[in-house]
Amino acid sequence: MKVLHAAAELFPHVKVGGLADVMGALPLALRKEGIDVRLLLPAYPALLKVAKVFSVEENFPDLMGSGQARLLLAEVPGSVTVYLLDAPGFFSREGGPYDDHGDTHRRFSALSWATAQFALRGGSEGIKYDIVHVHDWQTALTPVFIKCAWEGHRPKTVLTIHNLAYQGIYSKHILDEIWLPKESFHLQGAEYFDQINFLKGGLAYADAITTVSPTYAKEIQEPEGGYTLDGMMRYRSNDLKGIINGIDELVWNPTKDKHLRTVFSKKDIKKAKAYNKKVFQNEVGLAESPNSPLFGVVSRLNDIKGMDLLIANIDHIVSNGAQLVVLGKGDYNLESAFHTATLRYPGSVANYIGYDEGIAHRVMAASDVLLVPSRSEPCGLTQLYAMRYGALPLARKTGGLADTIVDITEESLKDGTATGFLFVEPDSWHLGEAITRALTLYKNEQKTWHSIQVRAMGQDFSWAKSAQQYVSLYKNLVK
Ligand code: ADP
Ligand code: GLC
């Protein structure tokens, strides 16, 4: 079976969040299941730098006002075969992939349109794809272009929602600029309150829709979790499935991690984590204090991630003799609040405002608890990495966090399933209560703590299981 994936990020070359991690790992996991997978991405400078280009598969003389564009067949280290949309007018820019230069709508409609054209024609090899699988709003118009095409081989389409909060909404006056087929601009299509909504177009036209956890698949069908598209999600509920993400074992493996001073497994967790903690405390300017529980954060900093709830709990954490380290970037007010906390509590609170892959790994290895107080979390990957590195996750019970963490209760301790701390109400008081539970357990029951760490490290979050679910979805579609 031939499957073409299209997306706007790829680990480690172009990464904003978890989408990059998924695009780095899922295609490889599908290939292990016997699928012929290829991946289409914008030819960002970071990708062209590492790519070995073989041929030009398509020429697009003037792609949505970007000038000459081409689709290149290439090899990128560590990935499946890739196609790069080389449209220098759109993608040859410094900065983040979503920085707005006033043409974001054209850039990503062009990505979707080129994906569709390539799938319909099959490039120089005339490949007939069975499935085109696209991710998030940046590629969501692909199913629209495919379904509305007059001719060509029409593969089945799958759209995965990694985060329903981001939809790509623009004024309807750009309709012609993005080459959107007029017949798709209606209430059951890409039209949205007299504007255009990229994601909604994809949701209307894709043959199947997935999202990245079963709980999130339910939440987005309700008004509270639906980001105004809950009606659409209910309308498509028979074609909607939640499939949880996995861990890229090549990147997140404490027994082989090059970012750590000392690698470790379940067997030497106590000694090795203590050592990693000590080295890390020195690295980030925390007091070297083996018995202070260390709370870590690796996150984009915004209110959806619940970072405001955490700021309200910094005094609580420090006054109980614990430490906090925050690695992240995002909203200015949150960045500066964390910065202020480091000045107020030197040695107890540290932060690194920015993006750093190595520090992210060391936070996981050094921390006793990883905080993920998200108001909404489609899947979440950091809690999985934390468990694998023996840091117990403390998270809000939502989306993929609810599906991957078993709250520590009397019952779950008895039946041997507990892996972390969950709280339900998204407010700072309930986060504080969960932090107190963690502090108490850490202080009074080291043996229990250790046994939960061992269990968390042994959880199976491999991609294989999820890849198999995608394969059976593909098979059902082409049946
Ligand atoms: P989201 O995609 O919503 O940001 P995920 O938990 O799915 O959330 O994925 C976040 C990914 O980005 C993880 O791989 C995490 O380690 C990484 N990450 C987030 N912030 C940073 C940062 N400041 N530095 C390094 N890695 C980060
Ligand atoms: C999104 C979500 C996150 C998910 C990631 C990968 O960025 O916010 O929860 O883990 O996509 O699917």
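The values are calculated or read from the model by the stated rules, or taken from the named source; none is laboratory data. In this text the structure is predicted, and so the values were computed from the model without any measurement. Neighbour counts are summed over all protein chains in view; Cβ atoms, including those assigned to glycine, are modelled from backbone coordinates with ideal geometry.
Summed over segment 382-407, the residues that are crowded, with 24+ Cβ neighbours inside 10 Å, in a loop (DSSP other than H, G, I, E, B) and of a type in the set (A, V, I, L, M, F, W, C) give a count of 2. Residue selection: R362 satisfies the criterion of being among the basic types (K, R), at pLDDT 95 or above and buried (at least 24 other Cβ atoms within 10 Å of the Cβ). Counting only strands (runs of 3 or more DSSP E) that fall entirely inside segment 116-199 and contain at least 1 residues that are over 25 Å from the mean Cα position of the chain (by Cα) and more than 16 Å from ligand 1 (Cβ to nearest atom), the qualifying elements are 169-171, 195-197.
Screening segment 252-328 for helices (runs of 4 or more DSSP H) wholly inside it with 1 or more residues that are closer than 17 Å to Y389 by Cα returns the ranges 269-284.
Considered as a group, the residues in segment 423-437 that are hydrophobic (A, V, I, L, M, F, W, C) and closer than 16 Å to E377 by Cβ include one that is surrounded by the fewest Cβ atoms within 10 Å (Cβ to Cβ), and that residue is V424.
Of all positions in segment 91-108, none carries a residue that is in contact with a Gly (Cβ under 9 Å, 6 or more places away or on another chain), away from ligand 2 (no atom under 16 Å from the Cβ), outside any strand (DSSP E or B) and on the phi > 0 side of the Ramachandran plot. State yes or no: is G321 within 26 Å of L260 (Cβ to Cβ), within 16 Å of ligand 1 (Cβ to nearest atom), free of Cβ contacts under 8 Å to residues at least 40 places away in the same chain and surrounded by fewer than 16 Cβ atoms within 10 Å (Cβ to Cβ)? Answer is no for this residue.
Among the residues making up segment 297-318, those that are of a type in the set (A, V, I, L, M) and more than 16 Å from ligand 2 (Cβ to nearest atom) are L309, L310, I311, A312, I314, I317, V318.
If the condition is being within 15 Å of S124 (Cβ to Cβ) and small (G, A, S), then segment 36-82 contributes S55, A74. For segment 454-478, filtering for residues that are part of a helix (DSSP H, G or I), under 21 Å from the mean Cα position of the chain (by Cα) and among the hydroxyl-bearing types (S, T, Y) leaves 2. For A87, are the conditions met, namely being touching a strand residue (DSSP E or B) at 6+ places or on another chain (Cβ under 6 Å), closer than 15 Å to W179 by Cβ, free of Cβ contacts under 8 Å to residues at least 60 places away in the same chain and of a type in the set (A, V, I, L, M, F, W, C)? It is true that A87 is touching a strand residue (DSSP E or B) at 6+ places or on another chain (Cβ under 6 Å), closer than 15 Å to W179 by Cβ, free of Cβ contacts under 8 Å to residues at least 60 places away in the same chain and of a type in the set (A, V, I, L, M, F, W, C). For segment 377-405, which positions are near ligand 2 (Cβ under 10 Å from one of its atoms), at negative phi and in contact with a Gly (Cβ under 6 Å, 6 or more places away or on another chain)? Answer for segment 377-405, where residues must be near ligand 2 (Cβ under 10 Å from one of its atoms), at negative phi and in contact with a Gly (Cβ under 6 Å, 6 or more places away or on another chain): E377, P378, C379, L381, G400, L401.
The rows are residues; the columns are (1) more than 20 Å from L141 (Cα to Cα); (2) modelled with pLDDT under 95; (3) of a type in the set (G, A, S).
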position: A208; (1), (2), (3): no, no, yes
position: K218; (1), (2), (3): yes, no, no
position: P223; (1), (2), (3): yes, no, no
position: Y235; (1), (2), (3): no, no, no
position: N238; (1), (2), (3): yes, no, no
position: I243; (1), (2), (3): yes, no, no
position: V251; (1), (2), (3): yes, no, no
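Highlighted here are the strands (runs of 3 or more DSSP E) found entirely within segment 1-87 that include at least 2 residues which are hydrophobic (A, V, I, L, M, F, W, C), touching a Ser or Thr at 6+ places or on another chain (Cβ under 8 Å) and closer than 21 Å to L141 by Cβ: 2-6, 36-42.
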